[in-house]
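Working notes, beginning with the structure itself.
The values are calculated or read from the model by the stated rules, or taken from the named source; none is laboratory data. Bear in mind the structure is a predicted one, so any value in this text is a computation, not a measurement. All Cβ positions, glycine included, derive from the backbone under ideal geometry; neighbour counts span all protein chains shown. Surface areas here come from the heavy atoms of the whole protein model, side chains and all, with no ligands, DNA or RNA. Shrake-Rupley method; radii C 1.70, N 1.55, O 1.52, S 1.80 Å.
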Amino acid sequence: MEDKFIRIISPISLPVILLFDAAVGYYMYIATVKVMADKGVFASAFFALQIVAVIIAALATREVLRHGVRITGEYVEFTALDSDNKVRFDEIEKIAIQKDTKASFTKNFVNRYSSLVFYLKDDEVLTVELGITTKRKLTQIETEINARLNK
């Protein structure tokens, strides 16, 4: 089986980051027009500030888009985690998914996180929180991992 990367983007963060990028692009346009028309200190400061904003927007977008699950022939890797982010398939006994979809006014975002629960062969349980994802994306990850476990 070929290596696969399943991107995990929160349904909330994608529109927010796109709106942020659009606002930065619009203000960069305004700053460029201002600098072309008026070469004053305030126009130059606004332009310099917008260059910093463009860099921050690019880094934020890159960070949001690189979160995901990389599935290879030997292991599954979670790119959003800093350490202990790889689980080898020969260590996994079975996998389960958890996502709370019941309506409630008392639950906050943390209670809505999607989780992958790995039951390892040495009787350990490893839970990986994926954040807020869709049920379809969570099921897709489970299907890919199970397909590699059963081969």
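Details
- Boolean, ALA80 is open to solvent by 40 Å² or more (accessible area, probe 1.4 Å) and within 17 Å of the chain's Cα centre (by Cα): yes
- When the criteria are applied in full, ALA60 fails the requirement of being open to solvent by less than 60 Å² (accessible area, probe 1.4 Å) and modelled with pLDDT under 85.
- Check on ILE12, open to solvent by less than 50 Å² (accessible area, probe 1.4 Å), modelled with pLDDT under 95 and closer than 23 Å to ALA80 by Cβ: no
- Test: residue in region 66-74 that is under 30 Å from ALA23 (Cα atoms), modelled with pLDDT of 85 or more, open to solvent by 80 Å² or more (accessible area, probe 1.4 Å) and part of a loop (DSSP other than H, G, I, E, B): yes
- Region 31-57: number of residues that are open to solvent by less than 60 Å² (accessible area, probe 1.4 Å), in a helix (DSSP H, G or I) and out of contact with any helix residue (DSSP H, G or I) (no Cβ under 8 Å at 6 or more places or on another chain): 2
- Residues being in a strand (DSSP E or B) and modelled with pLDDT of 85 or more are entirely absent from region 132-151.
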